[in-house]
Amino acid sequence: WMALQFGLPFQADLDTILRPDTCRQRTKVDSRTTRFVAEGLRPGDTVLPVVRAVNREGPGPWCRLTLEAEAPSLTSLPDLPAVVEELPFITKEASVDHRPYSLTAHWVCPYLNGKWINHFTLHFFPVMRGEVACDEKLAIEVILHPNRGANRWLQGDHISYPLVHTFLTPGVDYVLKVRASTAMGDAPGWGPHSEPERAPPDIPSKPTPPTSMWQWPYAIQVDWIEPWMKGAPLEECAVRYSVSVDLSSPGSVSKEACDKGLETKVVIADGLEAGTMYYFQVCVKNSVGWSEWSDPSMGYSTSACRPAQPEMPTLIGTTHQTISVEWMAPDSHGATIEDYTILLVDFERCRIFESALQEFDQRVQKEILGVIDENGDGDVSLEELKEAMLDPEIQAAVAKVREDNDTRFDEELQPRARQVLQAEAFTNRLVPLHTFHALRGGIEFAVSVRARNSEGFSDWSVPLTGIRTNCAPPEQCPPLVLLEATQSTLRCEFRLPYCNGEPVTKMEFYWLRVIGPMERHLALGGHIETGKSGHGKEEGTMVMSLPDPGPEPAPFDGFGGSGEGTIVGLEPGTEYDVQVRAGNCLGFGMYSQKVRMLCLPGKPDKPLRMRHANKTSGALPPNAASVAVASSQARALPQNNILNGERVQMPVLPTVFYSHTSRLVETEAIRIAAEDRPVQARHPAPPPRSAHGPGPLEPPVDREQD
């Protein structure tokens, strides 16, 4: 019989079985037994036996060969794979990336023992201080599975795994151990470890963000820490900076300054702007290449100074009364912005606004430098600047220069609005937003802003010009003035309000009836003719178009020329509340305040009937008899105001009405004057009595019928 190893192709060939170099055993057995045990097999080996009978005449023919389908019944049971016995090794290969070389692991496949290899487990152990650190916690484990569609591994095959350096730490020495795994499990142990081999170096790791321990007005000290160099020594460093945190448009520190600080890890970035916030990055280089740039550092500012000039404000929106603008907060130059000063100018001042602001900034800067320049050489040195920052007297003199120039500037320019806005009051301090109120429509404006911190004021921003508030209906008119009143008309004087951008073309008068003689007549118990209404319209309007040219237009902060309008169709002796409003092509504005006006009195109506009553006040409600007498005498005054040869003023009639309880209410006292001498109201004489008794001459009045 012969043994066929697991994994080899099935070959049942009699010559092969009988050949001495392949036949495992050729033996005779007792004719009384029909069993034979093949020994010395490996797990998973298949036995291919042949047998023949022998008698005294000689051997018979060999039996038929084992079929492939019968092979599993003649196969030994599988077991765990064998331990890798041959020494694995690691070799350097050609570079496949930026690293100087690559590493490939090699080993020999052990006996499979009846099952195919599922995977190989590779353990790379670091060599520390010349000794292999065989601690499993330090091992780098790599699993190698067979490629799909490729030939399966057989015992004795040489296996290679390229590019294993990608799993290893650059610049560290490693040894390799291998173990096979099948469906039965892992091999009972690890094979021997290889000789050490160093993983190829790589580019340095990313440095940590740099810091700064010292800042000058125009320079900053940059401190950095050497990162992990990944197997190759440090050769160079580079430092860059920017005023933006994302390091856009960065500047670079010179190579000479970086080389000078290579050993000390301290680089001086000079040539910076005073009072400006900077962000830094650093990177290093070894023999493989440059590292990544570090993350941006914290912001480090040179010595604080006044803020940078704000950018030109941006228009957000307008109405006829408001303008909303916003602007980007400027660089604070090391000191928090405390407030903003914002200017609003209008009309012809918009044309000279930008040049006036530039002249102001130049004049102020020149005078401040004159205060700081002690030696008068026209140049402010760093020592003079440092002394000025520490001297309270110089600081007070600088503040006085600023204050005097602000006062002078306001007197010359006369801005429409100058407001100081606290920075902490803004919701978004990066983009402050401000709205001007109480403006007028159709006016051109310009806006500029400056910032202030503890070190002083910035220059004024470039002004935002060409702003125009929206046109709107005119403003509210002033109250009307009564020029002349007749029995049915009121002639009034009006003045034009500001037009809000569109010329005033018309005026609308509105009147509201308050009270008249009819109400007083009815309140005193009078009657009106059946079928006749008590009074006319309660309210009304009248629109009057202005002539061309009309009255002089009003300035934005006042009233213009005057005109006249006559309200017709009113009632004699009646009081009216009269208002007026101006209109343009966009509509009418607000009505003016009410003015109470009174039409002249007219002739009374004809009496309805005459009758006699037993009492003078019998037909009147309580407390009304005296009022009725005085009122009747007042109505009896002639039109030429002559009573008993004396001239008197026309009376002011009382305003009386009935409530829902039908009780008479007096709202105004009756005043009758004649050359400062009151006219006494006399009660009429009592009616004559009948000879038959005290009763009246006429039957009692039916009050309900009246």
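The values are calculated or read from the model by the stated rules, or taken from the named source; none is laboratory data. Just so it is clear, the structure is predicted and the values come from calculations on it, not from any experiment. We place every Cβ from the backbone using ideal geometry, glycine too, and count neighbours over all the protein chains shown. The area values use the complete protein model at the heavy-atom level, side chains included, leaving out ligands, DNA and RNA. Shrake-Rupley method; radii C 1.70, N 1.55, O 1.52, S 1.80 Å.
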Of Lys177/Lys230; Lys206/Lys265; Lys260/Lys285; Lys137/Lys177, pairs whose Cα-Cα distance is over 19 Å: Lys177/Lys230
Sorted peptide list for 499-507, 350-358, criterion being average Cβ within 10 angstrom, highest first: 499-507, 350-358
Pairwise Cα inverse-distance average, inverted: Kirkwood Rh of segment 92-239 (Å): 18.3
Model label zone, Asp259; criterion: amide N under 17 Å from point 7 Å along Cα-to-beta-carbon; scope segment 234-248: 234-239
Label-point separation in nm, Asp404 to Ile528, each point 7 Å along Cα→Cβ: 7.9
Solvent-accessible ranking of Leu18, Leu262, largest area first, probe 1.4 Å: Leu18, Leu262
Segment Arg468-Val83, extension gain: residue separation times 0.36 nm, minus the distance between their alpha carbons: 129.5 nm
Sparse-neighbourhood loop sites, GluC sites (Glu not before Pro) in segment 229-294 - DSSP loop, at most 16 other Cβ within 10 angstrom: Glu235, Glu263, Glu273, Glu292
Qualifying lysines (Cα of each under 17 Å from Cα of Lys606; at least 8 residues distant if same chain): Lys532
Qualifying lysines (Cα of each under 30 Å from Cα of Lys506; at least 8 residues distant if same chain): Lys537, Lys594
Accessible surface, per residue, of segment 243-360 when the full set of protein chains is kept, probe 1.4 Å, Å²: 47
Net charge over other residues, Cβ less than 15 angstrom from the Cβ of Lys265 (K, R count +1; D, E count -1): -4
Heavy atoms of Tyr111 accessible to a 1.4 Å probe, total area in Å² rounded to 10: 80
Under-5 Å amide H pairs with Met312, H placed in peptide plane, nonlocal only: Val462
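Quick one: if the Förster radius is 25 Å, what FRET efficiency do Leu512 and Asp605 give, using the C-beta to C-beta distance and rounding to 0.05?
Values: r = 24 Å, r/R0 = 0.97.
For R0 = 25 Å, the calculated efficiency reads 0.55.
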Cα centroid separation - segment 154-175 against segment 246-300, whole Å: 39
Nitroxide proxy distance, nm - points 7 Å out along Cα→Cβ at Glu136 and Arg363: 8.7
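Counting other Cβ atoms within 10 Å, keep those with at most 16, restrict to DSSP loop, and tell me which trypsin sites (Lys or Arg not before Pro) in segment 97-155 are left. Each step should come with its number before you reach the end.
On the way: sites: Lys115, Arg129, Lys137, Arg148, Arg152; in loops: Lys115, Arg129, Arg148, Arg152.
Filter output for segment 97-155: Arg129, Arg148, Arg152.
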Reach of Lys366 by Cα under 15 Å, taken over aspartates and glutamates that are not fewer than 8 positions away in the same chain: Glu374, Asp377, Asp379, Glu403, Asp404, Asp406, Asp459
Relative pair counts by distance (%), Cα atoms of segment 1-142, 10 Å bins: 9, 26, 23, 15, 13, 9, 4, 1, 0
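When the convex hull of the C-alpha atoms of segment 308-392 is computed, what volume per residue in Å³ does it have? Don't skip to the end; give the middle numbers.
Numbers: hull volume 12.2 nm³, N = 85.
Taking only Cα atoms, segment 308-392 has a hull volume of 143 Å³ per residue.
Multiply the residue separation of Glu93 and Val29 by 0.36 nm, subtract the distance between their alpha-carbon atoms, and state the gained length in nm to one decimal.
Working: separation 64, 0.36 × 64 = 23.04 nm, distance 5.87 nm.
So the extension gain works out to 17.2 nm.
Any chance you could run the full-extension gain for Ala53 through Thr169? It's 0.36 nm times the residue separation minus the Cα-Cα distance, nm to one decimal. Before the final figure, lay out the partial values.
On the way: separation 116, 0.36 × 116 = 41.76 nm, distance 6.83 nm.
Residue separation times 0.36 nm, minus the Cα-Cα distance, leaves 34.9 nm.
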Cα pair distances in segment 212-305, grouped into 5 Å bins until the bin that holds the longest one, percent each: 3, 14, 25, 25, 18, 9, 4, 2, 0, 0
